[in-house]
Structures are given as C-alpha cells and as structure tokens.
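Undergrad: My questions all concern the structure below.
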Amino acid sequence: MSQSRSPASTNPDETQVDENRYDPGAIEARVQQQWRDDRAFEVTEDDSREKFYCLSMLPYPSGALHMGHVRNYTIGDVISRYQRMLGKNVLQPMGWDAFGLPAENAAIKNNTAPAKWTYANIDHMRGQLDRLGFAYDWNREFATCRPEYYRWEQLMFTRLMNKGMAYRKDAEVNWDPVDQTVLANEQVVDGRGWRSGAVVEKRSISQWFLKITDYAQELLDELDNLDGWPDSVKTMQRNWIGRSEGAEFGMTVCDADGEALPGGHEIRVYTTRPDTAFGMTYSVLAPEHPLVDVITSEAQAAEVAAFRERVAATSEIDRLAEDGQAEKRGVFTGAYVKNPFNGKAVPVYLADYVLMGYGTGAIMAVPGEDERDWAFAKAYDLPIIRTVQPPDDWDGGAYTGEGVAINSDWLDGLGMIEAKAKAIDWLEDQGLGTRKVNFRLRDWGVSRQRYWGCPIPVIYCDDCGALPVPEDQLPVELPEDVTFMGVQSPIKADPEWRKTTCPTCGGAAERETDTFDTFMESSWYYARYCCPGADAQLDERANYWLPVDQYIGGIEHAILHLMYFRFYHKLMRDAGLVSSDEPAKNLLCQGMVVAETFSMPGEDGHVNWVNPADVTLEKDDKGKVTGATLAATGESVEVGAVEKMSKSKNNGVDPQGLVDQYGADTVRLFSMFAAPPDQSLEWSESGVEGAFRFLKRLWNLVSAHVAEGPVEALDADRLDDGQREMRRLVHDAIAKVGDDVGRRHTFNTAIAAVMELSNHLARFDDRSAAGRAVSDEGWNAITRLLAPVTPHISQALWEALGQDGAVHEAGWPVADESARVKSAVELVVQVNGKLRARVSLAPGADQETAMAAAMAEDNVQRFTEDKTVRKVIHVPDRLLNIVVG
C-alpha cells in the first residue's frame, strides 16, 4: 500500500474480521446482496474499453446442478473476474438450453407438461448459480424454449429454404426405438443412442437437412486459424470432416467375359488411390445401392435379399468396425464390372463394410493394399495382386504404405505420388473419370420426431408442395399446455394444430410436425446474448462482442456442438448478421469430475450403486481407503473404480450440500485447486475440508494483522534485507499468479502460489513499522489474487484491510520488477559432481568470485586438498562444479 490507513471500522453494522469465526454463509449472503444492489455485473457496449466475452456452455435445466456444472462455471467465472480486474469490459451471460428429450421423458413419467417441468427447474437452478456467486449479467438470460428466442431460428431456416441451403429428402436415418426419434450420425455412440443407450435401427423417412457440406472446406481450412483451440479438438474436427483427394470413375456392368450387359449400366467409384487400380480383383456395392436390384442375377436374388435384410439391422458403427476377422460379411451379386485400367472383368459383391452414405456407395477392391479388402478376399477366396512393393521385411497382409508401383503396366517403377497423378491424368485423358475432392462430412439432418422442440416452420400443400411459413406468421409456436399419451408427439396427434392455409394458393394445408434437433438452439445462443431485446435475430451489438474471447465446455462436444456452432456462425455471417468468420477465439475444454463408486449386490442379481454421501469410509494411518460401510446400517459396501460422476453409477456429489456446509468459496476453491482445468478432477471430501481450513486460516491471519492497528506507508528504499526478501516473495507471487491465471489457465498452480505466499507472510514475524507495511502489502495482494476464485471472502477481507469499494474493481495487482531483484542468490557447489556446499553470492557473480567463495568453505577444502583442479563448470547464480583429480 502506498499510504497509511486505519484499521477496520468498529461499526457493528459493517462486516468485521473475527479471528475466532469465519462464517461463509453470512459473508456470502451480504456480498451477493451488495452485487445485486450495485448491479455489479451488468454491462453495455463501450468503445473506449477493450471488451472480453467469456462464455461457458449453457446448461440443460435438469433440475439440479452437478459438480461438472460447478467446475465448468467456476472456470469461466475465474477468467471473467480476472479480465474484469484488468480493466476490460467483460460480458459473462447465462441462459438455458431448454428443449430436448429429458424434459419430455420426465413429463411422460410424472404426468406433467414439459414446459412446466422445465420452467420450475430453471427457477431452482438459477438460485443455485446465484448461491455460488457467479458474476453473470442476468439481464441477458433467456430460455431457448421461449418463442421470443426460437422465432429467429425459424426465420433463418425459412430464408435458408429459399436459398436452397435447407432441403427435404427421403433418407436412411438412425432411429432410436426408445426415444422414438432420428439421431444424427454424431449422436450414435458405439451403435447406440447417445441419450437412451438403445441399439439404433436403420429406417428410411423424409427429413430436413442443412447443407453443412457446402462449408466443409472452409470449416476445415479455418481450423488452422484457431490458435486458441486445443489441438485434440481440431484433430477430431479434421477427421470428422474427412477431406480426401482422388478420382471418381465409372466401370461398365458386364458378364464374366467382359461383355457389356444390356441397359448400359455403370458403377461409379471414388478412390484416393487410383494408382493401385491394376490390383482391383473385385468390386463392392453398399447393400443399399440403387443398382443392386438392377444388376443382381436371378440365381443370386434370394441370397442377396437375405443379406440385405441382415445388414439393415446392423449399425454403421458395427459395419465399419475393423475387427480383422475373416468372417463372411458379403454376398456375390452374380454381376461383373470391367476394370478400365486393364479391361478385365471382376465380380461385384455386396459387403457390409461399404456404406451408401460415403462416397458413391461403391468401391474398387484392391486387397493387396487395403486391410478390409484383404480380409474379404481371404474369406471369399478372391485373387490378391500387389501393386505397391512392400519393404523386404514385410511379414504379409495388406501393405498400406508407400512404395514403388508393381504389376501396374505403365505405372510400374513410379512412386506413389507420381503414380497417383499419372493415373488420374490417364482417366481424364480417356474421358473415364475426373479428379475429385471428397468429404466424410454429411449434411446436418435437423428433423426430430418428438414434441419438445422448436417447430420446423414448413407448410405442406397438396398442390404447392413444401413451403416456408411466411415471415409475418412467425413464430410458429409450440403449444405448452399439452397432455401426453405414450411417447407420441402431442402436435402429431392434434389435427387442429396441424391445420393451416397454404400461403401460395390459399387452399387447405398442414404444418410440419417434426421439430428441430436441439443443437439448432445451441448453435447460435452465444450471439443472442449480445443483443438482449433485439427485434431481429441479431443487431449491431453482436459485432461489438463477437467473437467470444473465451469459450469453456467439455471435450465431448468437440464434434456435435462445436461443428454446428462454427457452421451456424458462418450462416449468420453470410446473412450479414455478424462480421467475423469464427464464433470463438479461444476454447478451454475442462476435464471430467470423477469419484469413487460404491456398490452392494441386489436381490435380483443386479448391482445396487450406493451414493458416496451414504457411505462411511475406513482408512489406514496414511489415509488410504481400506473399506466402506453403509452409514445407515453398517453393512459392508464394495469400493469400486474411480469413474465420471453419473446418475447411472450414483456417484454424484450434491454441490448444494457442500455450499450449505462449507460455503461457495470453499467449493469454488476446491474445484480450481484439485487439478488443472483440462484434466479430470477426482472428488475428495478431505480436499474440500482442506480448502475450507485454508480459508479459515487466511481469515485468522488477516484478522491478527488488522488487530495490530494502523499501518504506515511503505517506503521500499528504507527496508532491511529481511523486509526486502519478504517483499520479493510477494511480488514473485503476483507475477506467477498473473501468468498462471491469465496466460496458462493453470488455476491450481496459481492457488498453490498464493498458499505458499500466505505461509511466508505467516512466518514473517516483523512488527516494526516497515515490516508491518510489507505484510500489509502482502495481505492486500493475496486478497486481490484470490478475488476471482473466492470472491466473497476476498471482498470481506478487502474491506477489513481498510480498502474502499469492490475488490473486483480494484484492479489486478502488478508486480514491481525492482522488488523482484534478489539481493543474494544461493550457489550450489559440487566437487566431482557431488554436493559439498552452498554459498550466498550477489546475483551475477563471475566464476572467479564464485571459486573464491567456494574454496573458503571447509567442506570444499576437504575434498580438494592436495588435488589438482582439472576443470570448473560454472552456471551463474546456480551451480559451480569443481572437477579435481
């Protein structure tokens, strides 16, 4: 501190530090009320200040916060509070991803309406977030299930329809038989629905799609510009987009002798390796390929039909599994195609590892250079011709690496790159094929068949077809007061809701009863926060705040949400709503919260999972868990693996109970201290208790300091060596914590540095005027350094230290570099690599000075006496190694 100040006021109406009692409940309630009274975190656009938009992925209003929420939102709050202390204009909003199947399923189970269930949950969870002290601008809050929100995405969709970017087609889809809805490929995990866990079925139904593939190259290219995104996320997105370069060409359907069959049918294939085409010994169609019925011979028809029926019951994940087994996974169609490279006829098979949704739905099979083709060829005793020379030590099997072309006529002797280019040139010269870029990414299917979602704004007229709802008739509102009968959507069951008038001919028409995939709402919510109350999807305020400066969420959203998030931003850019190319500059993916699992055998043979709150642990002298019992009965409980907190394993910990017991600051501190933010945080009751003990100790230490009375102004030029060293530790900590929080986001090491500094200050027993001034500077620094993590106790301590105003407006402490200069350094002295002494020297001392100090040490003299110094290794300020012989 630069000026003297009086100790805390004795007014009983003002909060005082009581060294005997840290009462987080009272402190936090008072501080939060002050924030509300001051409207502390409401922000508006201000061109005179640097903006910072900090955003955590919005929660689904399930009814209660879990520890994953707490960790995610605490990370965001720490970053936003830190940036605010740097003087930036900080936006941190919160809202609710409120549509979706959980609300609908809960409504069916509890005989209520999803809207009522959702709004009650929002009210409860808002209170929980408030209790944790998050610095949100609640004026920007919205729920995505409200018409005033989703009307704008309906408007966007109708305009995309008019541009041809939204379209409808019959498509084979992933059908979840439990949730009774379509799933995008990204929502199928290991062949099962991502929410229900049910085995996914294949069905062909009419669906609405958005042309995300039109942006595939841009989505791929701009990953290189996202320097602030984790490499793992960018890699997953690159793999999902799946760009490949190769050639597409046609092969004439023929008989076994190579004679073209009547009808002139052609099978087109795409390959990234046309240089291997001389090794094609068979071709494969996807079982869903439209030519299957046309080319299948009468003799093979029954076997082909049976095979197609089996494949229809298999998920894409299972079909693509590379298990290496040589099982029969296909069937011969009875037809052949002519290999254009050598004119030879090769048989056409169906196989489950070829999908209609990828490429052309057909492949040229080159078993010598493809592992799946090799396994299939071995199973069906088909020829294998190598067209790439494997290394001399190759032990057999398909060789997928680079090498010289062999058995390939006019390509022989060429390397892969040269052979590939020459093969494509030949196809184009012969008029047989073309160069082509292919993507694994498929258009986004946005239709869902359940009720609790945004109605797709489409009208169907028998005469005029599918038409967008006129803009002046938006929003198409979802009725909220509904009654369920099973899982059928109430709007599908209600003919009155469906009835409408064709906007073109005025005749009778019906509304679309499908609703949007809920990823539609979460793909643009971040932008709507910027424009509360706007009578448009966005207004000019969006370009002040966007892009998001720091986005925070789980890595499980790397493909699902984050791909659509980027795509929708580009749609809004091309519609003139935003000027930036990407929605977020920086992305932090927090790790999971994990905890031990506990179980007991059930009477029906199933496992009964026991919540940690109901378990009493038995520990050895070192604190290691040796057993567990049920708290209520004393029955033995089995201690299982440490796993992600989940309802299925009943190992979740209720954060509300922790807040009630220890206070919000303790929960926040534990969440940030227990692990780096991008790694898993293992739940530990003792860790929470340790965080609480630290805050109590800090309270008591500051209490003792304040109780000693006024502090004089600090005069850095009149400090003795001990005082200067203590002040150096203070400013070293300020520098480290600022770097850890601001640049590295390693909040755990930042907190550790603050804890270490508090220990140094506690041991600094200097009650002189200068000593107390140094201590006061240290405690003030700690209060500000902890303010983003533990804002409530920091505010109370800030006031107790005699400071005015809010600590979050006080500014982030800046390290005094002159104070960080060491008056002395400790030099390690070795003789022949073994530690023999430590000497204190002035920083930057040269080798001659270091040698003189070292040789004055008795222990160094003992090991160098009567020996010749052969070599001296000197690392200034760190090491002196004297090599003798």
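The values are calculated or read from the model by the stated rules, or taken from the named source; none is laboratory data. The structure displayed is predicted, hence computed values, not measured ones. Glycine gets a Cβ as well: all are built from the backbone with ideal geometry, and neighbour counts include every protein chain shown.
Undergrad: When you scan the range 381-406, how many residues do you find that are modelled with pLDDT of 95 or more and either under 18 Å from N339 (Cβ atoms) or acidic (D, E) (or both)?
TA: Summing the residues that are modelled with pLDDT of 95 or more and either under 18 Å from N339 (Cβ atoms) or acidic (D, E) (or both) in the range 381-406 gives 10.
Undergrad: Against the condition closer than 15 Å to R273 by Cβ and aromatic (F, W, Y), how does Y399 come out, does it pass? First the steps, then the outcome.
TA: Numbers: closer than 15 Å to R273 by Cβ: yes; aromatic (F, W, Y): yes.
So Y399 fits the description; yes.
Undergrad: Among the candidates G193, G197, single out the residue that is surrounded by fewer than 18 Cβ atoms within 10 Å (Cβ to Cβ), without any contact (Cβ under 8 Å) to a residue 24 or more places away in the chain and not aromatic (F, W, Y). Break it down stepwise before answering.
TA: Working: G193 fails: surrounded by fewer than 18 Cβ atoms within 10 Å (Cβ to Cβ).
One residue alone meets the criteria, G197.
Undergrad: Additional query: Condition first: crowded, with 24+ Cβ neighbours inside 10 Å, under 26 Å from D23 (Cβ atoms), among the hydrophobic types (A, V, I, L, M, F, W, C) and outside the structural domain of D549 (by TED's automatic domain parsing). Can you find one or more residues in the range 766-776 that meet it?
TA: Scanning the range 766-776 turns up no residue that is crowded, with 24+ Cβ neighbours inside 10 Å, under 26 Å from D23 (Cβ atoms), among the hydrophobic types (A, V, I, L, M, F, W, C) and outside the structural domain of D549 (by TED's automatic domain parsing).
Undergrad: Could you say whether any residue in the range 92-101 is farther than 20 Å from S648 by Cβ, in contact with a Ser or Thr (Cβ under 9 Å, 6 or more places away or on another chain), among the polar types (S, T, N, Q) and outside any loop (DSSP other than H, G, I, E, B)? If you could, list the steps in order and put the result at the bottom.
TA: Taking the range 92-101 and keeping what is farther than 20 Å from S648 by Cβ, we get 92-99.
Next, from what is left, pick out any that are in contact with a Ser or Thr (Cβ under 9 Å, 6 or more places away or on another chain): 92, 94-99.
Those still in the list that are among the polar types (S, T, N, Q) too: 92.
Now narrow it down to the ones that are outside any loop (DSSP other than H, G, I, E, B): none.
Scanning the range 92-101 turns up no residue that is farther than 20 Å from S648 by Cβ, in contact with a Ser or Thr (Cβ under 9 Å, 6 or more places away or on another chain), among the polar types (S, T, N, Q) and outside any loop (DSSP other than H, G, I, E, B).
Undergrad: With the structure loaded, tell me whether D425 is part of a loop (DSSP other than H, G, I, E, B), out of contact with any helix residue (DSSP H, G or I) (no Cβ under 9 Å at 6 or more places or on another chain) and free of Cβ contacts under 8 Å to residues at least 24 places away in the same chain or whether it fails that test. I'd like the intermediate steps shown before the answer.
TA: Details: part of a loop (DSSP other than H, G, I, E, B): no; out of contact with any helix residue (DSSP H, G or I) (no Cβ under 9 Å at 6 or more places or on another chain): yes; free of Cβ contacts under 8 Å to residues at least 24 places away in the same chain: yes.
No.
Conditions (1) touching a Pro at 6+ places or on another chain (Cβ under 8 Å); (2) in the same structural domain as S489 (by TED's automatic domain parsing); (3) at pLDDT 95 or above; (4) crowded, with 22+ Cβ neighbours inside 10 Å, marked per residue:
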residue	(1), (2), (3), (4)
W545	no, no, yes, yes
I555	yes, no, no, no
H569	yes, no, yes, yes
A575	no, no, yes, no
P583	yes, no, yes, yes
E603	no, no, no, no
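Undergrad: Let me ask another. Six or more apart or on different chains, Cβ under 9 Å: which pairs go from a residue in the range 685-712 that's closer than 20 Å to V789 by Cβ to one that's of a type in the set (K, R) and surrounded by 14 or more Cβ atoms within 10 Å (Cβ to Cβ)? Could you list them?
TA: Final answer for the pair search is A691/R668.
Undergrad: Among the residues of the range 613-646, which ones are assigned to a loop (DSSP other than H, G, I, E, B) and either loosely packed, with under 13 Cβ neighbours inside 10 Å or modelled with pLDDT under 90 (or both)? Step through it out loud before you land on a result.
TA: Start the filter on the range 613-646 by keeping residues that are assigned to a loop (DSSP other than H, G, I, E, B), which leaves 620-624, 631-635, 637, 645-646.
Correct list: D620, D621, K622, G623, K624, A632, T633, G634, E635, M645, S646.
Undergrad: Can you confirm whether the range 105-119 contains a residue that is under 30 Å from Q83 (Cα atoms) and either crowded, with 20+ Cβ neighbours inside 10 Å or in contact with a strand residue (DSSP E or B) (Cβ under 7 Å, 6 or more places away or on another chain) (or both)? Give the derivation first.
TA: We begin by selecting, within the range 105-119, every residue under 30 Å from Q83 (Cα atoms); these are none.
For the range 105-119, residues under 30 Å from Q83 (Cα atoms) and either crowded, with 20+ Cβ neighbours inside 10 Å or in contact with a strand residue (DSSP E or B) (Cβ under 7 Å, 6 or more places away or on another chain) (or both): absent.
Undergrad: Further question: Please work out which residue is nearest to I385 (Cα to Cα), limiting yourself to the range 331-366 and to residues that are surrounded by fewer than 24 Cβ atoms within 10 Å (Cβ to Cβ) and of a type in the set (A, V, I, L, M).
TA: V346
Undergrad: Among V233, V253, which is hydrophobic (A, V, I, L, M, F, W, C) and out of contact with any Phe, Trp or Tyr (no Cβ under 9 Å at 6 or more places or on another chain)?
TA: On the way: V253 fails: out of contact with any Phe, Trp or Tyr (no Cβ under 9 Å at 6 or more places or on another chain).
After applying the criteria, what remains is V233.
Undergrad: Could you run through the range 465-495 and say how many residues are over 36 Å from the mean Cα position of the chain (by Cα), at pLDDT 95 or above and farther than 20 Å from R168 by Cβ? Before the answer, list the steps.
TA: Going residue by residue through the range 465-495, those that are over 36 Å from the mean Cα position of the chain (by Cα) are 465-467, 470, 472-473, 483, 485, 493-495.
Going one step further and asking which of them are at pLDDT 95 or above, we end up with 465-467, 470, 472-473.
Keeping just the survivors that are farther than 20 Å from R168 by Cβ gives 472.
Qualifying residue count, the range 465-495: 1.
Undergrad: Residue by residue through the range 729-744, note down the ones that are under 31 Å from the mean Cα position of the chain (by Cα) and either more than 10 Å from L757 (Cα to Cα) or not small (G, A, S) (or both).
TA: Within the range 729-744, I734, A735, K736, V737, G738, D739, D740, V741, G742, R743, R744 qualify.
Undergrad: When the range 578-633 is examined, which residues are found to be of a type in the set (G, A, S) and without any contact (Cβ under 8 Å) to a residue 12 or more places away in the chain? It would help to see each step written out before you state the result.
TA: So the first thing to find is which residues in the range 578-633 are of a type in the set (G, A, S), and the list is 579-580, 584, 591, 595, 599, 602, 605, 613, 623, 627-628, 631-632.
If the condition is that a residue be of a type in the set (G, A, S) and without any contact (Cβ under 8 Å) to a residue 12 or more places away in the chain, then G602, G605 are the ones that fit.
Undergrad: Just to be sure before I move on: is T790 within 20 Å of L757 (Cβ to Cβ) and outside the structural domain of K88 (by TED's automatic domain parsing) in the structure I sent? Break it down stepwise before answering.
TA: On the way: within 20 Å of L757 (Cβ to Cβ): yes; outside the structural domain of K88 (by TED's automatic domain parsing): yes.
Yes: the conditions hold for T790.
Listed here are the residues, each with its yes/no results for (1) modelled with pLDDT of 95 or more; (2) surrounded by fewer than 16 Cβ atoms within 10 Å (Cβ to Cβ); (3) part of a helix (DSSP H, G or I).
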position	(1), (2), (3)
N650	no, no, no
L669	yes, no, yes
V688	yes, no, yes
F694	yes, no, yes
L698	yes, no, yes
S703	yes, no, yes
A713	yes, yes, no
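Undergrad: Looking at T513, T504, T500, T483, can you tell me which residue is surrounded by fewer than 21 Cβ atoms within 10 Å (Cβ to Cβ), of a type in the set (S, T, N, Q) and assigned to a strand (DSSP E or B)?
TA: Values: T513 fails: assigned to a strand (DSSP E or B); T504 fails: assigned to a strand (DSSP E or B); T483 fails: assigned to a strand (DSSP E or B).
Every option except T500 fails the conditions.
Undergrad: For the range 443-464, does any single residue satisfy the condition of being touching a residue at least 24 places away in the same chain (Cβ under 8 Å), farther than 22 Å from K169 by Cα, touching a strand residue (DSSP E or B) at 6+ places or on another chain (Cβ under 6 Å) and assigned by TED's automatic domain parsing to the domain that holds F157?
TA: Among the residues of the range 443-464, not one is touching a residue at least 24 places away in the same chain (Cβ under 8 Å), farther than 22 Å from K169 by Cα, touching a strand residue (DSSP E or B) at 6+ places or on another chain (Cβ under 6 Å) and assigned by TED's automatic domain parsing to the domain that holds F157, which makes the answer no.
Undergrad: Among the numbered criteria (1) surrounded by fewer than 17 Cβ atoms within 10 Å (Cβ to Cβ); (2) in a helix (DSSP H, G or I), which single criterion is violated by S204?
TA: Status for S204: all satisfied but (2).
Undergrad: For the range 839-876, give me each residue that is under 30 Å from D717 (Cβ atoms) and either under 48 Å from the mean Cα position of the chain (by Cα) or among the small types (G, A, S) (or both). Reasoning before the result, please.
TA: Let us first name the residues in the range 839-876 that are under 30 Å from D717 (Cβ atoms), namely 839-846, 849-850, 853, 876.
Passing the criteria: S840, A842, P843, G844, A845, A850, A853, P876.
Undergrad: (1) assigned by TED's automatic domain parsing to the domain that holds A405; (2) out of contact with any helix residue (DSSP H, G or I) (no Cβ under 9 Å at 6 or more places or on another chain); (3) within 19 Å of R442 (Cα to Cα): which one isn't true of N239, the others all being true?
TA: So N239 meets the others, but not (1).
Undergrad: In the range 765-780, is there at least one residue being at pLDDT 95 or above and under 33 Å from the mean Cα position of the chain (by Cα)?
TA: Checked the range 765-780: no residue is at pLDDT 95 or above and under 33 Å from the mean Cα position of the chain (by Cα).
Undergrad: Residue by residue through the range 121-180, note down the ones that are small (G, A, S) and either surrounded by fewer than 16 Cβ atoms within 10 Å (Cβ to Cβ) or not in a strand (DSSP E or B) (or both).
TA: As a first pass, look at the range 121-180 and keep what is small (G, A, S): 127, 133, 135, 143, 164, 166, 171.
G127, G133, A135, G164 - these are the residues of the range 121-180 that are small (G, A, S) and either surrounded by fewer than 16 Cβ atoms within 10 Å (Cβ to Cβ) or not in a strand (DSSP E or B) (or both).
Undergrad: Looking at this structure, is L261 farther than 30 Å from T515 by Cβ and at pLDDT below 95? First the steps, then the outcome.
TA: Values: farther than 30 Å from T515 by Cβ: yes; at pLDDT below 95: yes.
Here the answer is yes, as L261 does meet what is asked.
Undergrad: Now for a separate question. For the range 750-761, does any single residue satisfy the condition of being farther than 23 Å from A691 by Cβ, surrounded by 15 or more Cβ atoms within 10 Å (Cβ to Cβ) and touching a residue at least 24 places away in the same chain (Cβ under 8 Å)? Don't jump to the end; show me each part of the working.
TA: Just the residues of the range 750-761 that are farther than 23 Å from A691 by Cβ, to begin with: none.
Within the range 750-761, none of the residues are farther than 23 Å from A691 by Cβ, surrounded by 15 or more Cβ atoms within 10 Å (Cβ to Cβ) and touching a residue at least 24 places away in the same chain (Cβ under 8 Å).
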